[in-house]
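Structure record follows, encoded as structure tokens.
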Amino acid sequence: MNLAKTYKLANGIEIPVIGFGTWQAPDGDIAENVVEIALRNGYRHIDTATVYGNEKSAGRGIKKSEVPREEIFLTTKLWNDVLTYEDAKHAIQTSLKKLAVDYLDLYLIHWPNPKEIRPNWEVRNAEVWKAMEEAQKAGLIRAIGISNFHPHHIEVLLKTAKIHPQVNQIFVNPSDQQLEIVRYNKKHNILTEAYSPLGTGNIFKIEELKTLAEKYQKSIAQIVLRWSLQKGYLPLPKSVHKERIIENIQLFDFALTDKDVAFIDGLHGVAGLARNPDRI
């Protein structure tokens with residue numbers, strides 16, 4: 001495995017095995033600069049979202065990097081205020097405009113059950129998914145997927161979907177591996193993307209990981225991200241510090257032993273758990 005390695009999605013599209021996340025990267029110079037830094041240092045997968053408020057900045061960072069658009073895998077997401085088929089068509093066009101690109105590589109429904117529309121999430125998801133399917137068929141989007149979906153949300157979506165989700169982006173790290181969702185994803189050929197793969201920083205509080213980092217002469221972040229790759233996930237680390245951005249992709253010159261992977265598997269709950277989308 002190396003930085004050029006890809007996973008193949010269900011529709012045949014290839015996606016780099018690690019991406020650069022932009023959640024909590026402030027809009028403006030910071031988001032623009034970190035995207036440029038990431039691309040200039042080897043990342044080829046950028047993940048943003050409408051609700052992050054930094055699509056314009058990410059687009060500027062892509063342009064400034066001078067990396068050809070066709071070499072970049074670009075993801076953004078549809079937010080909870082998009083409720084209908086027409087809303088979704090408009091949201092896709094808005095994201096394309098903000099990012100200043102002609103197409104998206106991946107577009108996700110960000111949240112399965114927005115609080116504002118309960119109990120009508122089933123209808124809403126079916127409507128916005130239809131718009132996403134049409135956008136994929138029109139060449140505006142290369143792949144479509146979901147985020148924070150549990151199996152029961154996916155089962156309802158599949159009742160009307162003509163194109164099955166290719167990705168489910170969920171909170172996954174050693175502290176909460178969401179194994180039921182991961183098993184469902186795997187069974188249905190849906191790639192698991194891991195957002196907050198470092199537990200939004202809480203993972204660094206785990207003393208046992210310091211020992212592993214010393215053993216491999218790597219950082220705790222590198223140990224945990226390597227664990228994510230060996231589990232078959234696609235991690236999306238985020239940082240606003242150049243040295244950490246670079247460090248987070250230096251994962252391909254070592255491998256964890258099966259024993260150490262199993263040890264990390266046992267760290268459940270030590271750095272926080274995923275939020276339940278049906279309860280918040």
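The values are calculated or read from the model by the stated rules, or taken from the named source; none is laboratory data. Keep in mind it's a predicted model, so treat the numbers as computed, not measured. When we count neighbours, we look across all protein chains shown, and the Cβ atoms used for this are built from the backbone with ideal geometry, even at glycine.
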Inset, instruction - Kindly provide the set of residues from the stretch 171-184 that are over 17 Å from the mean Cα position of the chain (by Cα) and at pLDDT below 95, ordered by number. - result: S175
Inset, instruction - Please work out which residue is surrounded by the fewest Cβ atoms within 10 Å (Cβ to Cβ), limiting yourself to the stretch 1-36 and to residues that are modelled with pLDDT of 95 or more and of a type in the set (F, W, Y). - result: Y7
Legend entry - Cβ pairs under 7 Å, 6+ apart, first in the stretch 197-212 and touching a residue at least 40 places away in the same chain (Cβ under 8 Å), second surrounded by 14 or more Cβ atoms within 10 Å (Cβ to Cβ) and among the acidic types (D, E): L212/D260
Inset, instruction - All but one of (1) at pLDDT 95 or above; (2) over 13 Å from the mean Cα position of the chain (by Cα); (3) under 24 Å from R244 (Cβ atoms) hold for Y195, so report the exception by its number. - result: (2)
Legend entry - Qualifying positions in the stretch 230-266 - under 18 Å from D47 (Cβ atoms), in a helix (DSSP H, G or I) and basic (K, R): R244
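Among E134, E180, E122, E116, which is under 27 Å from I220 (Cα atoms), acidic (D, E) and either touching a strand residue (DSSP E or B) at 6+ places or on another chain (Cβ under 8 Å) or surrounded by fewer than 21 Cβ atoms within 10 Å (Cβ to Cβ) (or both)?
Details: E134 fails: under 27 Å from I220 (Cα atoms); E122 fails: under 27 Å from I220 (Cα atoms); E116 fails: under 27 Å from I220 (Cα atoms).
E180 is the lone residue from the list that is under 27 Å from I220 (Cα atoms), acidic (D, E) and either touching a strand residue (DSSP E or B) at 6+ places or on another chain (Cβ under 8 Å) or surrounded by fewer than 21 Cβ atoms within 10 Å (Cβ to Cβ) (or both).
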Inset, instruction - Evaluate the following for N168: is it under 22 Å from P237 (Cβ atoms), polar (S, T, N, Q) and at pLDDT 95 or above? - result: yes
Legend entry - the stretch 156-171 residues that are in a helix (DSSP H, G or I) and among the aliphatic types (A, V, I, L, M), paired with ones that are at pLDDT 95 or above and surrounded by fewer than 21 Cβ atoms within 10 Å (Cβ to Cβ) (beta carbon under 6 Å, 6 or more apart): V156/E122
Legend entry - Looking only at the stretch 198-214, and only at residues there that are surrounded by fewer than 19 Cβ atoms within 10 Å (Cβ to Cβ) and farther than 14 Å from F263 by Cα, the one that is modelled with the highest pLDDT: E214
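Only one of these is in contact (Cβ under 8 Å) with a residue 12 or more places away in the chain, touching a Phe, Trp or Tyr at 6+ places or on another chain (Cβ under 9 Å) and either not charged (D, E, K, R) or not in a loop (DSSP other than H, G, I, E, B) (or both): K89, K64, K77. Name it. Walk me through how you get there before you give the answer.
Values: K89 fails: touching a Phe, Trp or Tyr at 6+ places or on another chain (Cβ under 9 Å); K64 fails: touching a Phe, Trp or Tyr at 6+ places or on another chain (Cβ under 9 Å).
When all the criteria are applied, what remains is K77.
Got a sec? Which of W23, W111, W129 is part of a helix (DSSP H, G or I) and among the aromatic types (F, W, Y)?
Numbers: W23 fails: part of a helix (DSSP H, G or I); W111 fails: part of a helix (DSSP H, G or I).
Among W23, W111, W129, only W129 is part of a helix (DSSP H, G or I) and among the aromatic types (F, W, Y).
For (1) farther than 24 Å from N189 by Cβ; (2) touching a Gly at 6+ places or on another chain (Cβ under 8 Å); (3) not in a helix (DSSP H, G or I), each residue gets a yes or a no:
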{"site": "L3", "(1), (2), (3)": "yes, yes, yes"}
{"site": "I15", "(1), (2), (3)": "no, no, yes"}
{"site": "I18", "(1), (2), (3)": "no, no, yes"}
{"site": "A31", "(1), (2), (3)": "yes, yes, no"}
{"site": "V34", "(1), (2), (3)": "yes, yes, no"}
{"site": "L39", "(1), (2), (3)": "yes, yes, no"}
{"site": "G42", "(1), (2), (3)": "yes, no, yes"}
{"site": "A58", "(1), (2), (3)": "yes, no, no"}
Legend entry - Within the stretch 77-97, tally of residues that are crowded, with 18+ Cβ neighbours inside 10 Å and farther than 18 Å from A126 by Cα: 2
